[in-house]
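The values are calculated or read from the model by the stated rules, or taken from the named source; none is laboratory data. Being a predicted model, the structure only gives us computed values, none of them experimental. Methodologically, a virtual Cβ is constructed for each residue, glycine included, from the backbone with ideal geometry; neighbour enumeration extends over all protein chains shown.
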Amino acid sequence: MKFSRRHFLGTAATAVWTAGTMTRGRVWGANDRIGVCVVGFHGQGNDHIRNCLTQKGVEIVALCDVDAQVLAKGVEEIAQKQGKKPKAYKDVREVMADKDIQVITTATPNHWHSLVTVWGCQAGKDVYVEKPMAQSPFEGRQCVAAAKKYNRIVQHGTQSRSNPVLIRDMRLIHEGFIGKVLHSRGYVYKTDNRKAIGHGAPGPVPDYLDWELWQGPAKSREFLINKDRADKPGLFVHYDWHWFWEYGNGEIGNQGVHEMDIASWAMKGKVPVKASSTGGRYAWDDDGETPNTQATQFTYEDGSMMTFEVRNLGSFWEGGQQAEACSNSVFCENGYYIRNVGFFDYKNQPIEVKDSLPENLKKFDRFFNAVRSRKQEDAPMSVEDAHISCLHCQIGNIAYRLKQTVNFDPKTEKFLDSPEANALLKREYRQGFEVPEIA
């Protein structure tokens, strides 16, 4: 049965709110079964499935995807591995009303992330949401508000927060191990799966794809076939939606949000007051909209700064040595830190770290620990931290799109003296797919 939006908020509400009431205050025992639905799993969602299948006391009771081929394949594979066939849903609104589901994990395209998260919280379900948690500043704030109002566990898919070395090193940085933080830097020089995506032309929607549901909160538009890529069912589906403003956040909000999260972590979650960003989509002849080369600078109220760089055209060689394709560094008063390398003084001599490492728990271990304990602090990060990391990507993109330096008020989360920038804080939603404003 397909729930309309009206039906979801009307006749289905009893089931939804009953489910929320049943689970809101419950502390799960170690052997209690937690029912999971994975929503959107053509790509990163497969990682969710693999991780959930290894969790004791966790059962994948349902799958949801708007691609019938992906959905059917996933159901059969889980039936074989789990020994029990999960339910199959095309419409995520039906997932919300299913009382057998206590947890939703979602790896849909970005434009769906916040709506699934907020609806999940409203329905009394805990949520593991892939990065970025939100496509816009408004959406991120509603995720924070929903998690708080409905007392739900929400975990963001930036798994570096579960890395024991980073947990230790970030604690040391915050404690002033090498002095006050002056400059945090992140970069993404990734090239795999990054190339010209081709050109689109209006064409028929594949019979296995529900294009209306795929678009969800986004503006309704024609389905575009890919004239140049026979391996793609359409210009946007699958993966290349990342490079369109209506659905994705470009590279800074794709792989970039992982490094942005670490850079923001080093700054103790400060929100910038100023941002500028420049770049372009160079070399490639295609219909993609987002930059493949982007340099962004953020300034904080105390004068410290963050720089962030995206480069998808290659060039990993700097200073005569091959750099990691994605990484971070933190510069402080008395030395600097390079991720996966260590601490150094300004004579480039290593600084020994004697502190031991915390327990090595993986991202889904921590998430389900938090689900059982009902303590967000048992998850790798707070929902507020997730919002702030995503907010950096969103502010940077707004500055890039407007080609101007923007001034931001961290308290109101609005831009100063820029109606054009404030117009990009929230998208126009299709009727029936609005991200609600949580009071």
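Here Asp91 fulfils each of the conditions (1) touching a helix residue (DSSP H, G or I) at 6+ places or on another chain (Cβ under 8 Å); (2) buried (at least 18 other Cβ atoms within 10 Å of the Cβ); (3) within 28 Å of Trp214 (Cα to Cα) apart from (2). Listed here are the strands (runs of 3 or more DSSP E) enclosed by region 279-368 that have at least 3 residues being buried (at least 18 other Cβ atoms within 10 Å of the Cβ), hydrophobic (A, V, I, L, M, F, W, C) and on the phi < 0 side of the Ramachandran plot: 305-311, 326-332. Once region 380-390 is narrowed to residues that are outside any loop (DSSP other than H, G, I, E, B) and touching a strand residue (DSSP E or B) at 6+ places or on another chain (Cβ under 9 Å), the residue that is farthest from Ser276 (Cα to Cα) is Val383. Output the residue which, of all residues in region 318-340 that are touching a helix residue (DSSP H, G or I) at 6+ places or on another chain (Cβ under 8 Å), hydrophobic (A, V, I, L, M, F, W, C) and modelled with pLDDT of 95 or more, is nearest to Gln255 (Cα to Cα). The qualifying residue nearest to Gln255 (Cα to Cα) is Val330. The number of residues in region 141-153 being more than 22 Å from Phe41 (Cα to Cα) and assigned to a helix (DSSP H, G or I) comes to 8.
Residues in region 224-261 that are modelled with pLDDT of 95 or more, assigned to a loop (DSSP other than H, G, I, E, B) and out of contact with any His (no Cβ under 9 Å at 6 or more places or on another chain): Phe244, Trp245, Gln255.
Rundown of residues vs (1) hydrophobic (A, V, I, L, M, F, W, C); (2) assigned by TED's automatic domain parsing to the domain that holds Met306, yes/no style:
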{"position": "Val371", "(1), (2)": "yes, no"}
{"position": "Asp385", "(1), (2)": "no, no"}
{"position": "Gln394", "(1), (2)": "no, yes"}
{"position": "Asn407", "(1), (2)": "no, yes"}
{"position": "Lys414", "(1), (2)": "no, yes"}
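Yes or no: Val75 more than 24 Å from His242 (Cα to Cα) and surrounded by 15 or more Cβ atoms within 10 Å (Cβ to Cβ)? Criteria met by Val75. Against the condition at pLDDT below 95 and aromatic (Phe, Trp, Tyr), how does Tyr208 come out, does it pass? Spelling it out, it is not the case that Tyr208 is at pLDDT below 95 and aromatic (Phe, Trp, Tyr).
Kindly provide the set of residues from region 128-166 that are within 14 Å of the chain's Cα centre (by Cα) and of a type in the set (Val, Ile, Thr), ordered by number.
Val129, Val144, Val154, Thr158
Please tell me if Gly269 is assigned to a loop (DSSP other than H, G, I, E, B) and on the phi > 0 side of the Ramachandran plot. Yes, satisfied.
Would you mention how many residues in region 405-438 are without any contact (Cβ under 8 Å) to a residue 24 or more places away in the chain, part of a strand (DSSP E or B) and crowded, with 17+ Cβ neighbours inside 10 Å? Selection size over region 405-438: 1.
The condition of being modelled with pLDDT of 95 or more, in contact with a Gly (Cβ under 7 Å, 6 or more places away or on another chain) and polar (S, T, N, Q) holds for only one of Asn369, Asn348, Asn397, Asn407, that being Asn397.
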